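All remarks here apply to the structure that follows.
The values are calculated or read from the model by the stated rules, or taken from the named source; none is laboratory data. The model shown is predicted, which means the values in this text are computed figures rather than measured ones. Neighbour counts are summed over all protein chains in view; Cβ atoms, including those assigned to glycine, are modelled from backbone coordinates with ideal geometry. For the accessible areas, the whole protein counts, side chains as well, though only heavy atoms, and no ligand, DNA or RNA atoms are used. Shrake-Rupley method; radii C 1.70, N 1.55, O 1.52, S 1.80 Å.
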Amino acid sequence: MKNKIAIISTKGGTGKTTSALNLAVVFAERGRSVLLVDLDPQGAIGHSLAKGDTEWVGLADYLMGRAPLETAIIATKLSTLSILPRGKLDPVDIVQYEMALQSVDSIAKIIEAVDADFDCIFFDTPSGLGLVTRTALKIADFVILPLQAEPLALRSIGQTLRVIDHVKTNENESLELLGILATMVQLGEEASFNVMSTVWSGFATVFETVIPRAQVFSAASEAGLPIAFLGGRIPPEARRFEALATEIEDRIALLGGCIGETDERPQRELV
């Protein structure tokens, strides 16, 4: 069973792309075969990896008939991780590109073509609840909802949960919310602490792992790297994504899914 995981948010600046990239890396380093798909017309994954708008071919090139799918998928130096970036796109063509992305069939056919090659497929989506995000929800098995620990994000979370419920009820009955992921958490700040208190007491599907606001994310962005690839001592934030990946695996298993390997084992003797 493949796992197609959409990462969505109502507003920008929630750490959505950062979460998608670093989770994909953790799963790949655990031996899963992972595809990270950039559905954001702004090309957020490419920008996170310090790639310019014209440096990579990708999804746009495939949809516009400029490149075959095998060329659009980029192999990384981590052998188990591949990326389907946005590709080369003139900003004036973004509207036409968004129209192409709105078709469930176009994206579903791509996923069907590569499904046998990957254990996990992560979708990084544009901010908001527009048609591209809706398309991702229609074809995903699971959804993760990053929530920036600040009041405005908390006030808008109900919109996102409403859309997820609508898609599950009317368009994709297999869709499951894996959890709300608190990001940019600063428990020493009163506003952030109050948001987290509300989230912990008011929502059932909140990941235990939280992602703090930390300078290491700016350093990784400047270097164009996932945080686990930075030199020096392993930052504690990288450990948080490892813990989050374990939570995700456990929740998928509880929902009857599989994360690429069996959890059964033979009985052993200790002495």
Residues of segment 95-114 being among the polar types (S, T, N, Q) and either touching a residue at least 24 places away in the same chain (Cβ under 8 Å) or open to solvent by less than 20 Å² (accessible area, probe 1.4 Å) (or both), which ones? Q102, S103, S106
Check whether at least one residue in segment 169-177 is under 19 Å from the mean Cα position of the chain (by Cα), outside any helix (DSSP H, G or I) and closer than 20 Å to T14 by Cα, and report yes or no. yes
When the residues of segment 58-94 are narrowed to those that are touching a strand residue (DSSP E or B) at 6+ places or on another chain (Cβ under 9 Å) and among the polar types (S, T, N, Q), which ends up surrounded by the most Cβ atoms within 10 Å (Cβ to Cβ)? S82
In segment 106-126, which residues are assigned to a helix (DSSP H, G or I) and not aliphatic (A, V, I, L, M)? S106, K109, E112, D115, D117
Yes/no for D53 being farther than 25 Å from I180 by Cα and surrounded by 20 or more Cβ atoms within 10 Å (Cβ to Cβ): no
From the list D141, D124, D165, D117, which residue is closer than 25 Å to R86 by Cβ and surrounded by fewer than 18 Cβ atoms within 10 Å (Cβ to Cβ)? D117
When segment 1-41 is examined, which residues are found to be surrounded by 20 or more Cβ atoms within 10 Å (Cβ to Cβ) and of a type in the set (S, T, Y)? S9, T10, T14, T17, T18, S19
Report, by residue number, each residue of segment 1-48 that is among the basic types (K, R) and out of contact with any strand residue (DSSP E or B) (no Cβ under 9 Å at 6 or more places or on another chain). R30
Filtering segment 127-138 down to residues that are assigned to a helix (DSSP H, G or I) and either more than 20 Å from V206 (Cβ to Cβ) or open to solvent by 40 Å² or more (accessible area, probe 1.4 Å) (or both) yields L131, V132, T133, R134, T135, A136, K138
